[in-house]
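A quick write-up on the structure given underneath.
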Amino acid sequence: GEKVEQHESTLSVREGDSAVINCTYTDTASSYFPWYKQEAGKSLHFVIDIRSNVDRKQSQRLTVLLDKKAKRFSLHITATQPEDSAIYFCAATSGGNYKPTFGKGTSLVVHP
Amino acid sequence: AQTIHQWPVAEIKAVGSPLSLGCTIKGKSSPNLYWYWQATGGTLQQLFYSITVGQVESVVQLNLSASRPKDDQFILSTEKLLLSHSGFYLCAWSFDWGGDAEQFFGPGTRLTVL
């Protein structure tokens, strides 16, 4: 089955700097790659996703890049703010698969 | 607008006691529904999913069961709790066009088994 590895378990940046979180996957059939954010003590909420028919997607300060050849996708956050501090989870799945595989999460800390 | 509600917010239960957790989605017909368990430390484990009323698929065996008695309701239960059941239980829904859809998570239920 699919395996998703989230490479950074923790990431510490200064406010205003950029942060990058990297994930790799194993199943070439995976075609949908969402990212979720979990603030301390709270549930998860969706932040951005990318599908395999594109290699880049941007939403305000967030950009997701997808390299299908390397089976790698990454979340880029620019101009980080303290409220970006949270655990970020990447995931991989496909249309016929209702069992997304999640990475173990990256704890991002943005220092003022 | 769609809303997702989970109950209870938190539970403290004894080992060996029964458990029932609930999840309701309003404002969306025929959603895909999911149950997740998050251990202390953050790893997220999918437990069940359901794409239609009365049909539930198990993803992992953790001595838990799930049912979908109504289109908008998803229930997680067990007759006998184990210490290892402690954690954060999350219900989620997605649009019904397939597995490749963003999931909307409920606020979660914190379960402590003593």
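The values are calculated or read from the model by the stated rules, or taken from the named source; none is laboratory data. Keep in mind that what you see is a predicted model, and the values were worked out from it rather than measured. Heads up, the Cβs are rebuilt from the backbone with ideal geometry, glycines too, and the neighbour counts pull from every protein chain shown. For accessibility, only protein heavy atoms count, side chains too; no ligands or nucleic acids. Shrake-Rupley method; radii C 1.70, N 1.55, O 1.52, S 1.80 Å.
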Inset, instruction - Work from the charge dipole of segment A:61-108 (Cβ charges, +1 for Lys and Arg, -1 for Asp and Glu, about the Cα centre) and give the residue of A:Ser85, A:Phe73, A:Thr106 farthest towards its positive end. - result: A:Phe73
Inset, instruction - Ratio to report: Rg/Rh of chain B, with Cα atoms as the point set and Rh obtained by the Kirkwood method; give two decimals. - result: 0.95
Inset, instruction - Quick one: dipole size for segment B:10-114, taken about the Cα centre, charges +1 on Lys/Arg Cβ and -1 on Asp/Glu Cβ, in debye to the nearest 20. - result: 300 debye
Legend entry - Average Cα contact separation per residue, chain A, under 8 Å, 6 or more apart, as relative contact order %: 37 percent
Inset, instruction - Quick one: of A:Lys104/B:Lys28; A:Lys42/B:Lys80; A:Lys3/B:Lys26; A:Lys42/A:Lys71; A:Lys3/A:Lys69, which pairs are farther than 22 Å apart, Cα to Cα? - result: A:Lys104/B:Lys28; A:Lys42/B:Lys80; A:Lys3/B:Lys26; A:Lys42/A:Lys71
Legend entry - Loop-resident sites, segment A:14-109, for trypsin sites (Lys or Arg not before Pro), counting at most 11 other Cβ within 10 Å (DSSP): A:Lys69
Inset, instruction - Could you give the size of the charge dipole of chain A about its Cα centre, using +1 on the Cβ of each K and R and -1 on the Cβ of each D and E, expressed in debye and rounded to the nearest 20? - result: 320 debye
Legend entry - Mean Cα-pair separation over length for chain B, i.e. relative contact order, pairs under 8 Å, 6 or more apart, %: 35 percent
Inset, instruction - Ignore the peptide's own chain and count Cβ atoms of other chains within 10 Å of each Cβ in B:82-91; give me the average, rounded. - result: 1
Inset, instruction - Could you check what % of the DSSP bridge pairs in chain A are antiparallel, to the nearest 5? - result: 90 percent
Legend entry - Test item: A:97-109 mean partner chain Cβ contacts at 10 Å: 5
Inset, instruction - Run the dipole for the protein assembly as shown about the Cα centre, Lys and Arg Cβ at +1, Asp and Glu Cβ at -1, nothing else charged, and hand back the magnitude in debye, nearest 20. - result: 120 debye
Inset, instruction - For segment A:12-104, report the convex hull volume of the alpha-carbon atoms normalised per residue, in Å³, without decimals. - result: 101 Å³
Inset, instruction - Report, to the nearest whole %, how much of the accessible area of segment A:9-112 belongs to carbon and sulfur atoms, 1.4 Å probe, protein only. - result: 48 percent
Legend entry - Sorted largest first, extent of segment B:22-84 alpha carbons per principal axis (Å): 35, 25, 17
Inset, instruction - Please average, across the residues of B:36-43, the number of beta carbons from any other chain that are within 10 Å of each residue's own beta carbon, and give a whole number. - result: 3
Legend entry - Where chain A is the region considered: accessible area per residue in Å², 1.4 Å probe: 49 Å²
Inset, instruction - Starting from the Kirkwood radius over alpha-carbon pairs of segment A:56-112, derive D by Stokes-Einstein at 4 °C in a medium of 1.567 mPa s and give it in µm² s⁻¹. - result: 99 µm²/s
Inset, instruction - Kindly identify the protein assembly as shown as rounded, prolate or oblate by the Cα gyration tensor criterion: order the square roots of the eigenvalues as a ≥ b ≥ c, call it rounded if a/c is under 1.5, otherwise compare a/b with b/c, prolate if a/b is larger, else oblate. - result: prolate
